[in-house]
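So the structure is just underneath, and the comments pick up after that.
The values are calculated or read from the model by the stated rules, or taken from the named source; none is laboratory data. Computed from a predicted model, the values in this text were never measured in an experiment. All Cβ positions, glycine included, derive from the backbone under ideal geometry; neighbour counts span all protein chains shown. Side chains included, ligands, DNA and RNA excluded: accessible areas come from the protein's heavy atoms. Shrake-Rupley method; radii C 1.70, N 1.55, O 1.52, S 1.80 Å.
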Amino acid sequence: MRRSSTRKTASSKATSKELERIDQLFYSYANRSSNLIDPEGIEVLCSDVEVDHTDVRILMLAWKMKAEKQGYFTLEEWRRGLKALRTDTVSKLKKALPELEKEVRRPSNFVDFYSYAFRYCLTEEKQKSIDIESICELLDLVLGSQFQAQVDSFVEYLKTQNDYKVVNMDQWMGFFRFCNEISFPDLRNYDPELAWPLILDNFVEWRRAKHS
């Protein structure tokens, strides 16, 4: 009995030491007055882990932390993310990023990450849609490596059309389904009778007219 309780004590001491280091790391990037890691702190963090602040892995890190406000990390979010990644130093965090990317790219996680990416960009209270320019950048960042041809074509459509000024969550998720289900570039299995968002019917129509 004694041996197991000694083990437990050692383990809880190690955990509290780890938490201490996670907290110290947080405060090395946090803004003193707000007690948050703000956009400036995130830029310094990116520089330390040698990743550009526009790299998709920073968005993946925010997803792991379940960060709620774009460009800011709270202490609670930071703890959640770093404990899950088992990292308490910059060098460990840097090494954890490729594994985090693999985790996010698993199909079971990617749908959640893809919808999170949209929610994370809703910066105003009660905002439900995102402007076309931002959506084009976000699509390329989040989906570009998997579905480059579809993303390039949809982005071209979004930039030339005049019917839509913003994109909502339903349209955002619909495009992901489109990439996964529709034969591209021939679109032969696209059926507008099925429940696709109208923006995708219009995109397909535009693309067929362009290539006919």
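Side notes on the structure shown:
- Only one of Asn168, Asn189, Asn162 that is touching a residue at least 24 places away in the same chain (Cβ under 8 Å) and either over 28 Å from Val56 (Cβ atoms) or polar (S, T, N, Q) (or both): Asn168
- Count of residues meeting criterion [within 16 Å of Met169 (Cβ to Cβ), touching a residue at least 12 places away in the same chain (Cβ under 8 Å) and not small (Gly, Ala, Ser)] in the range 123-153: 10
- Residues that are open to solvent by 80 Å² or more (accessible area, probe 1.4 Å) and either farther than 16 Å from Lys69 by Cα or assigned to a helix (DSSP H, G or I) (or both) within the range 93-134 comprise Lys94, Lys95, Glu99, Lys102, Arg106, Pro107, Ser108, Arg119, Glu133, listed in sequence order.
- Residue in the range 141-158 that is more than 23 Å from Val56 (Cβ to Cβ) and either modelled with pLDDT of 95 or more or among the hydrophobic types (A, V, I, L, M, F, W, C) (or both) present: no
- In the range 185-204, the count of residues that are touching a strand residue (DSSP E or B) at 6+ places or on another chain (Cβ under 9 Å) and buried (at least 18 other Cβ atoms within 10 Å of the Cβ) is one or more.
- Looking only at the range 72-92, and only at residues there that are assigned to a helix (DSSP H, G or I), free of Cβ contacts under 8 Å to residues at least 60 places away in the same chain and open to solvent by 80 Å² or more (accessible area, probe 1.4 Å), the one that is nearest to Asp23 (Cα to Cα): Glu76
- Residue tally, condition touching a residue at least 40 places away in the same chain (Cβ under 8 Å), open to solvent by less than 80 Å² (accessible area, probe 1.4 Å) and out of contact with any Phe, Trp or Tyr (no Cβ under 7 Å at 6 or more places or on another chain), over the range 30-58: 6
- Hey, Glu68 open to solvent by 80 Å² or more (accessible area, probe 1.4 Å) and either in contact with a strand residue (DSSP E or B) (Cβ under 7 Å, 6 or more places away or on another chain) or within 18 Å of Ala117 (Cα to Cα) (or both) or not: yes
- Taking (1) within 30 Å of Tyr27 (Cα to Cα); (2) in a helix (DSSP H, G or I) in turn, Glu137 satisfies each apart from (1).
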